[in-house]
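S.K.: Sharing a structure below in structure tokens format, with a few things to ask.
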Amino acid sequence: MTHLSNSISTSELQQRDAAHHMHPFTTQAQLSQKGARVITHAKGVYIYDSDGHEILDGMAGLWCVNIGYGRDELAEVAARQMRDLPYYNTFFQTTHIPAIELSERLARLAPGDLNHVFYAGSGSEANDTNIRMVRHYWALKGKPDKNIIISRHNAYHGSTIGGGSLGGMTAMHEQGGLPIPNIHHINQPNWWAEAGNMSEQDFGLARAQELEHAILELGENRVAAFIAEPVQGAGGVIVAPETYWPEIQRICDKYEILLIADEVICGFGRTGNWFGSQTLNIRPHIMTIAKGLSSGYQPIGGSIVCDEVAKVIGSDEFNHGYTYNGHPVAAAVANENLRIIEDEGIVDTVRNSTAPYLKEKWESLVSHPMVGEAKIVGMMGSIALTPNKDTRAKFKADTGTVGYICREKCFANNLIMRHVGDRMIISPPLVISKDEVDILITRALKSLDQGMEEVRKQGLWEAAE
Ligand SMILES: *Cc1c(COP(=O)(O)O)cnc(C)c1O
């Protein structure tokens, strides 16, 4: 083991954490009482905590550690780059080799004429860039009023003011004055939860056509862009019915609307291709990237932009940038991460071997009495928990009560599986082996059994009206 040794007790670390560290998306007072889990090191698909637990990370951190933990090559590249050139900006007609090499590689990997990269420090920042870029694009084309961006309820596009506004998370909009003006949300294609008696096919079409209705209502001359995740991640790994994306593409082609694919999760092999847009046959003008771009080893994001948009934006000074645009250490690490994914054929292994294996096992979870639907695309999957599969019933208890119970059981069984409301989701490192998939599924089943027992014990096995 090469990890740093830890001789400090867990409770001491928890107290010190609670005293000074504010956690994101957390009720701090509650966590301070309970104590945060202290993660000390990680290797492959496993993370280790300060109590010595070996936990299978079914979420790849936050959907990002695509190549798994503990790859020395990335540490080496980071150290070398820090010695050579730890930082320089790209504002003042300067550039550096990591930014050149990474941009070249991204242009080669990205589909179609997505050939130009504007960097950011994260996915949220990249989406902030996108808001300004698409609006400025239309302004430069003489259409300054074409500035409304259409997004979807329950989408996740980050947590900055711009990213949070694009996103459709009600709980986020309730705080801090979101969304900003001229962002319009249509409904998501969540068949399980929202389709009533409609078939999947009809529902997918209907939800896609909401885009057309919105464009017609707002006016084609007012709508700048539509943004969507190819597969919604943080919203609960919502896989749209098959009819959805072809119809969305048809609508975007028909009207003069830029299509932004938020590939922050779906990119870099997650869906079994380099990008989710390829899996779902989407032709975006801009792709948002982050997370798997560096496998989380360094914070970096960006927008991959098509020739036409890059040309128009490039015809004027774009008054926008971040100190850490294309940060040399982050760019060098991202480039090495992508080299590894390419050289080791990780995307092919996912598509041809491990993802089909996981799919079969994952879909078999529907035979569990508490599991309604099981959805999976590549290495991102979800199951809907329900007290009655036939009616696709929700639980009577507050949404998320049952999901949280199951998540706690997973933790106790050394599996990280998240809950979004009463959906359980996974997004493991892409390098997970078949044996490790077996372990994941065994622990998930055990946790579902124990979760169901707990739900019954607490009298929560009851459907909402
Ligand atoms: C995580 C995420 C973001 C935000 O990325 P950050 O790096 O957390 O700012 C944006 N879009 C999607 C689809 C994401 O999953």
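The values are calculated or read from the model by the stated rules, or taken from the named source; none is laboratory data. In this text, all values refer to a predicted model and were calculated from it rather than measured experimentally. Neighbour counts are summed over all protein chains in view; Cβ atoms, including those assigned to glycine, are modelled from backbone coordinates with ideal geometry. Just so you know, the surface numbers come from the protein's heavy atoms only, side chains and all, with ligands and any DNA or RNA stripped out. Shrake-Rupley method; radii C 1.70, N 1.55, O 1.52, S 1.80 Å.
S.K.: Which one of GLN278, TRP192, HIS213 has its Cα pushed farthest toward the positive end of the charge dipole of the chain, where Lys and Arg give +1 and Asp and Glu give -1 at the Cβ?
M.R.: Farthest along the dipole direction, towards plus: TRP192.
S.K.: Each residue of region 209-219 in order: what ³J(HN,Hα) in whole Hz does its phi give by Karplus 6.51 cos²θ - 1.76 cosθ + 1.60, θ = phi - 60°, with x for Gly and Pro?
M.R.: So the Karplus estimates, Gly and Pro as x, are 5, 4, 5, 5, 4, 5, 5, 5, 5, 7, x Hz.
S.K.: Quantify, in whole percent, the carbon and sulfur part of the accessible surface of region 230-282 (1.4 Å probe; protein heavy atoms only).
M.R.: On the way: 620 of 1340 Å².
Summing carbon and sulfur atoms, their accessible area is 46 percent of the total for region 230-282.
S.K.: Report for the chain the percent antiparallel among DSSP-assigned beta bridges with both residues inside it, nearest 5. Present the calculation step by step, with values, prior to reporting the outcome.
M.R.: Working: 32 of 48 bridges.
That works out to approximately 65 percent antiparallel.
S.K.: Distance from the Cα centre of region 371-447 to that of region 174-193, in angstrom?
M.R.: Here the two parts' Cα centres lie 25 Å apart.
S.K.: With every protein chain present, what is the per residue accessible area of region 315-465 (1.4 Å probe, Å²)? Let's see the in-between values first.
M.R.: Values: 6410 Å² over 151 residues.
That works out to 42 Å² for each residue.
S.K.: Here is a further query. Just to verify a number: FRET efficiency for ASP84 and GLN209, C-beta to C-beta distance, R0 = 35 Å, to 0.05? Before the final figure, lay out each step's value.
M.R.: On the way: r = 53 Å, r/R0 = 1.53.
Once rounded, the FRET efficiency stands at 0.05.
S.K.: Pick out, from VAL237, MET133, CYS306, the residue whose Cα sits farthest towards the positive end of the charge dipole of the chain, with +1 on the Cβ of Lys and Arg and -1 on the Cβ of Asp and Glu.
M.R.: VAL237
S.K.: Right, here's the next one. Share of region 390-465's accessible area from carbon and sulfur, percent, 1.4 Å? Working shown, then result.
M.R.: On the way: 1730 of 3630 Å².
Carbon-and-sulfur percentage of accessible area, whole number: 48.
S.K.: Go ahead and run the numbers for FRET between ARG37 and ALA393, Cβ-Cβ distance against an R0 of 22 Å, rounding to 0.05. It would help to have the intermediate numbers written out before the result.
M.R.: On the way: r = 33 Å, r/R0 = 1.49.
With R0 = 22 Å, the Cβ-Cβ based efficiency is 0.10.
S.K.: Then there is this: For region 175-319, what proportion of DSSP beta bridges, expressed in % and rounded to the nearest 5, is antiparallel?
M.R.: Values: 5 of 12 bridges.
Percent antiparallel among DSSP bridges in region 175-319 is about 40.
S.K.: In debye, nearest 20, what is the charge dipole magnitude of the chain about its Cα centre with +1 on Lys and Arg Cβ and -1 on Asp and Glu Cβ, if you could check?
M.R.: Values: 41 positive and 55 negative charges, 77 e Å.
Computed about the Cα centre, the dipole is about 380 debye.
S.K.: Ignoring ligands, DNA and RNA, what percent of the accessible area of region 1-84 is carbon or sulfur (1.4 Å)?
M.R.: Working: 2830 of 5330 Å².
Taking all protein chains in place, region 1-84 shows 53 percent carbon and sulfur surface.
S.K.: Between GLU200 and SER7, what is the spin-label point distance in nm, taking each point 7 Å from the Cα along the Cα→C-beta axis?
M.R.: Taking the two extended label points, one gets 5.7 nm.
S.K.: Run through every distinct alpha carbon pair of the chain and return the Kirkwood hydrodynamic radius in angstroms, one decimal place. Let's see the in-between values first.
M.R.: Numbers: mean 1/r = 0.0433 Å⁻¹.
By the Kirkwood definition, the hydrodynamic radius is 23.1 Å.
S.K.: With +1 on each Lys and Arg Cβ and -1 on each Asp and Glu Cβ, how big is the dipole of region 247-304 about its Cα centre, in debye rounded to the nearest 20? All intermediate terms of the calculation are to be shown ahead of the outcome.
M.R.: On the way: 5 positive and 5 negative charges, 25 e Å.
Dipole about the Cα centre, nearest 20: 120 debye.
S.K.: Just from its helices, what would the mean residue ellipticity at 222 nm be for the chain, if runs of 4 or more DSSP H residues each count -39500 (n - 2.57) and the sum is divided by every residue, rounded to the nearest 500 deg cm²/dmol?
M.R.: Details: 18 runs with 186 residues, N = 465.
Roughly -12000 deg cm²/dmol at 222 nm, from the helical runs in the chain.
S.K.: Where the only charges are on Cβ atoms (+1 Lys, Arg; -1 Asp, Glu), what is the dipole of region 73-343 about its Cα centre, to the nearest 20 debye?
M.R.: Numbers: 19 positive and 31 negative charges, 76 e Å.
The calculation lands at about 360 debye.
S.K.: Related question: If you take every DSSP beta bridge fully contained in region 73-343, what fraction is antiparallel? Give it as a percent rounded to 5. Show your work: numbers first, answer last.
M.R.: Values: 11 of 25 bridges.
Bridges in region 73-343 are about 45 percent antiparallel.
S.K.: Once you order the gyration tensor axes a ≥ b ≥ c over the Cα atoms, which shape class does region 184-258 get: rounded for a/c under 1.5, otherwise prolate or oblate by comparing a/b with b/c? Show your work: numbers first, answer last.
M.R.: Working: a/c = 1.97, a/b = 1.63, b/c = 1.21.
In terms of gyration-tensor shape, prolate.
S.K.: Can you give the Rg to Rh ratio of region 110-208, both from alpha-carbon atoms, with Rh computed by the Kirkwood formula? If you can, show how the numbers build up before the last one.
M.R.: Values: Rg = 15.9 Å, Rh = 15.3 Å.
On the Cα set of region 110-208, Rg over Rh gives 1.04.
S.K.: Order 253-263, 59-69 from most to least packed using the mean count of other Cβ atoms within 10 Å. Can you show the working numbers first?
M.R.: Values: 253-263: 21.3, 59-69: 23.4.
The packing order, highest mean first, is 59-69, 253-263.
S.K.: Fully extended, how many nm does the chain gain between ALA463 and GLN175 (0.36 nm per residue separation, minus their Cα-Cα distance)? Present the calculation step by step, with values, prior to reporting the outcome.
M.R.: On the way: separation 288, 0.36 × 288 = 103.68 nm, distance 3.05 nm.
Full extension of this stretch gives 100.6 nm more.
S.K.: Among SER294, SER159, PHE203, whose Cα lies farthest out toward the positive end of the dipole of the chain, if unit charges sit on the beta carbon of Lys, Arg (+1) and Asp, Glu (-1)?
M.R.: Farthest towards the positive pole: SER159.
S.K.: Which entries in the list LYS359/LYS389; LYS311/LYS375; LYS375/LYS457; LYS34/LYS446; LYS254/LYS434; LYS311/LYS359 go over 32 Å, if you measure between the two C-alpha atoms of each?
M.R.: LYS311/LYS375; LYS254/LYS434; LYS311/LYS359
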